[in-house]
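The block underneath contains the structure these notes are about, expressed in structure tokens.
The values are calculated or read from the model by the stated rules, or taken from the named source; none is laboratory data. Treat the numbers as computed from the prediction; the structure is a model and nothing was measured. Neighbour counts run over all protein chains shown; Cβ positions are idealised from the backbone, glycine included. Areas reflect the complete protein model, heavy atoms only, side chains present, ligands, DNA and RNA absent. Shrake-Rupley method; radii C 1.70, N 1.55, O 1.52, S 1.80 Å.
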Amino acid sequence: MLDVHRLAVLRAVVETGSIQAAAANLGYTPSAISQHVAALQRETGTVLMERNGRGIRPTEAGRLLASHAGQIQTQIARAETALADLRAGRTRRLTVRYFATAGAVLIPPVIAEFNRRFPEIRVELRLGKGLTGEAADAEIMVLDDTVQVPAGLRAVHLLDDPFLAILPPGHPLAAEEVIELGRLRGEPWIDNEWPTSICRQTMLDACGAAGFSPNFVVEAHDYATAVAFVATGLGVTMVPRLALSTMPATSFTCVPVTRPAPVRSIFVIVKETTADHPPLSAFLDLLREAAAAHH
């Protein structure tokens, strides 16, 4: 691997045109400059400087390497500035990952207020899960006991979101204030999530605790589609309460369930090293306020 410090010395020699001038600019002796250039030539196996009368001049390889050295130094300077800003709690961008039903309800009011307080910071919203795969300053997601938060990340609880039974018009249980989940045992069910999702497993676990497995007659991978099928009378389903806030006005009835009462837990994941930085801390406070409004 090329030595960055030696690259900087080579760049100084190429730009000043002499060992002596580079030494004066960098505060080194001419001998030290020559030693750095010689060591870099050994590392690269290439002649970087050649005699030109009483002076020296860079070879084509020397000019090429000096050009890249300038780009490297620029990137290092940017990295140092970004790191200094991060340490001081300054940033110009906040990246937030979210999942659809939480994002549609919680994110809009939070972003509106955050932009008012921090107009200089750009918030980038990304849909889908990352956790460790893609860097984000904050990630809103559903967690359960099967998910282990990696070291260096902090899980901040936002709210517990109960599931409700979604019944078609005229269903015999639609007038109940609350129903025991086991009473939906013989109903046709509308699936509403991807097979690997935590929310689907929460629904299946609740039905299992009530003594049955749902008889899925329709497959859907989102709540809105599932509820639309329920509205036509094809079956019943269960949907988290927060998700219902985004549903179009269709003909269905939602009823709380008990014995058991399934709940999904929503968290925001942040890095331990940046959680207390002012913009992110303010974003988290706003997010908690928005979540509290939906308890």
Can you sort Tyr28, Tyr223 by solvent-accessible area, 1.4 Å probe, largest first? Tyr28, Tyr223
Per DSSP H run of n ≥ 4, the term is -39500 (n - 2.57); total these for the chain, divide by its residue number, and report the mean residue ellipticity at 222 nm rounded to 500 deg cm²/dmol. -13000 deg cm²/dmol
Calculated P(r) tail over 19 Å for the stretch 191-282, as whole % of Cα pairs: 50
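Counting DSSP beta bridges in the chain, what percent are antiparallel, to the nearest 5? Working shown, then result.
On the way: 27 of 41 bridges.
Antiparallel bridges make up about 65 percent of those DSSP assigns within the chain.
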Can you pull the one-decimal nm distance between simple spin-label points at Ala209 and Arg183, each 7 Å off the Cα toward Cβ? 1.9
What is the chain's relative contact order, in percent, from Cα pairs under 8 angstrom and six or more apart in sequence? 22
Would you mind pulling out the separation of the Cα centroids of the stretch 238-295 and the stretch 140-183, in Å? 10
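Whole-Å semi-axes of the stretch 122-200's equivalent ellipsoid, largest first, each the root of 5 times a Cα gyration tensor eigenvalue?
Values: eigenvalues 249, 39, 35 Å².
Working through the eigenvalues yields semi-axes of 35, 14, 13 Å.
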Whenever you get a sec, compute what percent of the accessible area on the stretch 148-295 sits on carbon and sulfur atoms (1.4 Å probe). 52
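For Arg259, Arg154, Arg63, Arg264, give the ranking by accessible area with the largest first, probe 1.4 Å. Can you show the working numbers first?
Working: Arg259 165, Arg154 75, Arg63 125, Arg264 5 Å².
Largest accessible area first, the residues go Arg259, Arg63, Arg154, Arg264.
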Per residue, accessible area of the chain with a 1.4 Å probe, heavy atoms of protein chains only, in Å², comes to 53
With Cα coordinates, the longest principal axis of the chain makes an angle with the long axis of helix 198-209, in degrees rounded to 10, of 30
Whole-angstrom gap from the stretch 192-211 to the stretch 40-75, using each part's C-alpha centre: 64
Roughly how tilted is helix 60-87, in degrees to the nearest 10 and between 0 and 90, from the longest Cα axis of the chain? 50
For the stretch 14-65, the percent of all C-alpha pairs falling in each 5 Å bin, from 0 up to the bin holding the max distance, is 4, 21, 30, 29, 15, 1
Anyone know which of Arg42, Arg183, Arg126 comes out most mobile in the 10 Å Cα GNM of the chain? Arg42
What shape does the stretch 163-228 have by the C-alpha gyration tensor, where a ≥ b ≥ c are the square roots of the eigenvalues, rounded means a/c under 1.5, and otherwise prolate means a/b greater than b/c and oblate the rest? oblate
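Would you please classify the overall shape of the stretch 247-293 from the alpha carbon gyration tensor, given that a ≥ b ≥ c denote the square roots of the eigenvalues, rounded means a/c under 1.5, and beyond that prolate means a/b larger than b/c while oblate covers the rest?
Working: a/c = 3.88, a/b = 2.18, b/c = 1.78.
Here the stretch 247-293 falls in the prolate category.
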Only one of the values (1) 63, 20, 15; (2) 53, 19, 15; (3) 49, 25, 18 was calculated from this structure for semi-axes √(5λ) of the Cα gyration tensor in Å; name its label. (1)
